[in-house]
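Written out below as structure tokens is the structure these notes cover.
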Amino acid sequence: MTASAPASGQATATTPPTATVPATATTPPTATTAPAAPGDGTAPAGTTRWAGTKQFMQIREGWISGGRTYLSVRTARKVAVTGPHEAWLIIPGEGPYTTVLMATDARVLLSVPLGDNSLAHPYSQAEFVNRLMAEPSSSRSRLGYDLSFDGKGRVTRLQSLYTS
């Protein structure tokens, strides 16, 4: 896979265009409709159920609004594939996606196909959002991520799984 921007993360991400959102999905927040994040940095309502846990998840979309990164996530399953090459098979979850907030200092580690290598390397949140949203929605459904949440339900670590 060829990268469209350097791994340094100098690119900026904005709210994804509504054309990338299925007609049945809710439109992600824009700069004027972003979920209210209380001044203490807590996650948007409904995300504390994962507080203090690690989860394997799918991410439908990501966007940056007001300098904060938001992700639309739902739980999924992963199965190790040990055929000719070791990789992961992603079993999509069911049910609605939930909006979660990434901590400002959250670590993002990407491997192929979103990253440039089979081993995970660090990327900025903006670079992650740009790479994620550049993928067709049908491809995004085949990607999976290990997410770590802090005690307030914010994502503190995101690592993509190598898929072939």
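The values are calculated or read from the model by the stated rules, or taken from the named source; none is laboratory data. The structure displayed is predicted, hence computed values, not measured ones. Cβ sites come from the backbone with ideal geometry, for glycine too, and all protein chains shown count toward neighbours. To get the accessible areas, we keep the full protein, side chains included, count just its heavy atoms, and leave off ligands, DNA and RNA. Shrake-Rupley method; radii C 1.70, N 1.55, O 1.52, S 1.80 Å.
Here the peptides 81-87, 146-152 are ranked by packing, the mean other Cβ count within 10 Å, and the order with the highest first is 146-152, 81-87.
For region 49-164, the relative contact order comes to 34 percent (Cα pairs under 8 Å, sequence separation of at least 6). Net charge in the neighbourhood of Gln159 (other residues with Cβ under 12 Å of its Cβ; Lys, Arg +1, Asp, Glu -1) is +3. Other residues lying with their Cβ under 14 Å from the Cβ of Thr75 contribute a combined charge of +4, Lys and Arg counting +1, Asp and Glu -1. Distance from the alpha carbon centroid of region 46-87 to that of region 111-164 works out to 8 angstrom.
For region 55-164, the solvent-accessible area with a 1.4 angstrom probe is 43 square angstrom per residue. Apolar share of the accessible surface for region 60-113: 53 percent from carbon plus sulfur atoms, 1.4 Å probe.
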